[in-house]
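Asks: One structure follows; several queries about it will come next.
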Amino acid sequence: MELRQLRYFVEVAEREHISEAAEHLHVAQSAISRQIANLEDELGTPLFERVGRNVKLTPIGKTFLEHTITALKAIDFAAKQVEEYLDPAKGTIKIGFPTSLASYVLPTVISAFKREYPDLQFQLRQGSYRFLIDAVKNRELNLAFLGPLPPKDEAIQSTILFTENIAALLPANHPLAKRESIQLADLRNDLFVLFPDGYILHKVAMDACRAAGFLPNVISEGEDLDALKGLVAAGIGVSLLPESSLYDSAARFTIKVPIESPTIPRTVGIISPINREIAPSEKIFLEFVTNFYSRLSQFQ
């Protein structure tokens, strides 16, 4: 069994078409067919069945695909470890992040890091809260920024960078916009614009409103911060957003007002795997970010 055979197998399985796989891999179709046949002979069972011009995995082929993908990720990671061991300052850091940390936290950290390690490169992947946790667990990522950090998990290590509060974002002409702070219950009669159900910040907002004794009337939803800020600026409703997302990019015609009671804290940090080593370049980044926020906290 050869790595080439396994990579050909995964490509055909994902595309369900040998000629498309051959075109993507820049090899002859006959070469892929021959390697797949050799793999099936070695395993002693068909992995594909023909359906017209396409191919589909057999039941055992689906099982073999799942384990093959895991094995190839491990092999690729091992090769990356060797490469970075030889020169850890020239690796590539893959890191995930949610939309709520994209406007301020992520660019602040990466720009500071690049000043000290200009040769290290980044591959950034934006994703939902659940996606980022799963991606770290299944080897798609080794590092991901998250806020709030997830509950204790035997597969994930959480590193807290800082804690912040959720604030109210109000239209500039809102009756409470000139207040230095508000009670969350002051907004019980307002219309709300929030992230959709299933987003972690939707849950944070709903839980906070319930704790304040009311259920918010959600009139509109937005899947990113700019959309929510725009809806608030247009006077559609009020929103509850993390303070760090409002540092430099609060929309025009909006006002950020701290919430005095109940306070709505969220932890922000990085998650990494417990059950496997991360790459040398990723270790450098994790240590840098931890020290970066530790130094910042000393001046706050």
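Asks: In terms of modelled amide H atoms, which long-range or inter-chain residues lie less than 5 Å from the amide H of G96?
Replies: Those qualifying (amide H under 5 Å, at least 5 residues apart or on another chain) are R125, L143, A144, F145.
Asks: Over the range 1-158, average the accessible area per residue using a 1.4 Å probe and give it in Å², no decimals.
Replies: 56
Asks: When every alpha-carbon pair in the range 132-254 is counted, what percent end up more than 22 Å apart?
Replies: Cα-Cα pairs in the range 132-254 separated by more than 22 Å: 40 percent.
Asks: What ³J(HN,Hα) values, in whole Hz, does the Karplus curve 6.51 cos²θ - 1.76 cosθ + 1.60 give for the range 169-182 when θ = phi - 60°, with x put for Gly and Pro?
Replies: Going residue by residue, I get 10, 10, x, 4, 9, 5, x, 9, 5, 8, 6, 6, 7, 9 Hz, with x marking Gly and Pro.
Asks: About the Cα centre of the range 87-299, how large is the charge dipole given +1 on each Lys and Arg Cβ and -1 on each Asp and Glu Cβ? Please answer in debye to the nearest 20.
Replies: It comes to approximately 100 debye.
Asks: In degrees from 0 to 90, rounded to the nearest 10, what is the angle of the helix 29-43 Cα long axis to the longest principal axis of the chain?
Replies: 80
Asks: Per residue, what accessible area does the range 186-271 have, given a 1.4 Å probe and all protein chains present, in Å²?
Replies: Solvent-accessible surface per residue comes out at 45 Å².
Asks: Straight-line reach only, C-alpha to C-alpha below 20 angstrom: list the aspartates and glutamates that K56 could link to, leaving out same-chain residues fewer than 8 apart.
Replies: Correct list for K56: E11, E14, E16, E20, E23, E40, D41, E42, E66.
Asks: Just the number, please: percent antiparallel of the DSSP beta bridges in the chain, rounded to the nearest 5.
Replies: Bridges in the chain that DSSP calls antiparallel: roughly 60 percent.
Asks: A follow-up question, please. Non-local amide H neighbours of L191 (under 5 Å, H modeled in plane, Pro and chain starts lacking H): which ones?
Replies: The list, which skips near neighbours in sequence, is V238.
Asks: From the backbone phi of the range 99-111, what are the Karplus-calculated ³J(HN,Hα) couplings (6.51 cos²θ - 1.76 cosθ + 1.60, θ = phi - 60°) in whole Hz, Gly and Pro given as x?
Replies: Per-residue couplings from phi come out as 4, 5, 10, 7, 8, 10, 4, 4, x, 4, 5, 5, 5 Hz.
Asks: So how compact is the chain: Cα radius of gyration and Dmax in angstrom?
Replies: 24.3, 75
Asks: Can you run phi through the Karplus equation (6.51, -1.76, 1.60; θ = phi - 60°) for the range 47-59 and list ³J(HN,Hα) in whole Hz, with x for Gly and Pro?
Replies: After applying 6.51 cos²θ - 1.76 cosθ + 1.60, I find 9, 10, 10, 7, 10, x, 8, 9, 10, 10, 5, 6, x Hz.
Asks: Give me the lysines in straight-line cross-link reach of K114: C-alpha distance below 17 Å, same-chain residues under 8 apart excluded.
Replies: Reachable lysines: K90, K94, K283.
Asks: Further, regarding this structure: Roughly to the nearest percent, how much of the accessible area of the range 1-84 is carbon and sulfur, given a 1.4 Å probe?
Replies: C and S atoms contribute 53 percent here.
Asks: Two decimals, Cα atoms only, Kirkwood Rh: what is Rg/Rh over the range 20-169?
Replies: Expressed as Rg/Rh, it is 1.09.
Asks: What 222 nm value per residue comes from the helices of the chain, counting each DSSP H run with n ≥ 4 as -39,500 (n - 2.57) and dividing by all residues, nearest 500 deg cm²/dmol?
Replies: Calculated at 222 nm, the ellipticity per residue is -13500 deg cm²/dmol.
Asks: First compute the accessible area of the range 87-299 with a 1.4 Å probe, then give the percent of it belonging to carbon and sulfur atoms.
Replies: Whole-percent figure for carbon plus sulfur exposure: 49.
Asks: Could you check how many percent of all C-alpha pairs in the range 223-284 are farther apart than 18 Å?
Replies: Pairs farther apart than 18 Å: 54 percent.
Asks: Kindly provide log₁₀ I(q)/I(0) values, in the same order as q = 0.11, 0.21, 0.22 Å⁻¹, from the Debye equation applied to equal alpha-carbon scatterers of the range 95-159.
Replies: Normalising to I(0) and taking log10 leaves -0.27, -0.89, -0.96.
Asks: Also, I was wondering about something else. I need two numbers for the range 1-84: Rg to one decimal and Dmax as a whole number, Cα atoms only, in Å.
Replies: Gyration radius and largest Cα-Cα distance of the range 1-84: 13.1, 45 Å.
The values are calculated or read from the model by the stated rules, or taken from the named source; none is laboratory data. Because the structure is a prediction, the values reported are computed rather than measured. Cβ atoms come from the backbone with ideal geometry, glycine included; neighbour counts cover every protein chain shown. The accessibility values were calculated without ligands, DNA or RNA, using every heavy atom of the protein model including side chains. Shrake-Rupley method; radii C 1.70, N 1.55, O 1.52, S 1.80 Å.
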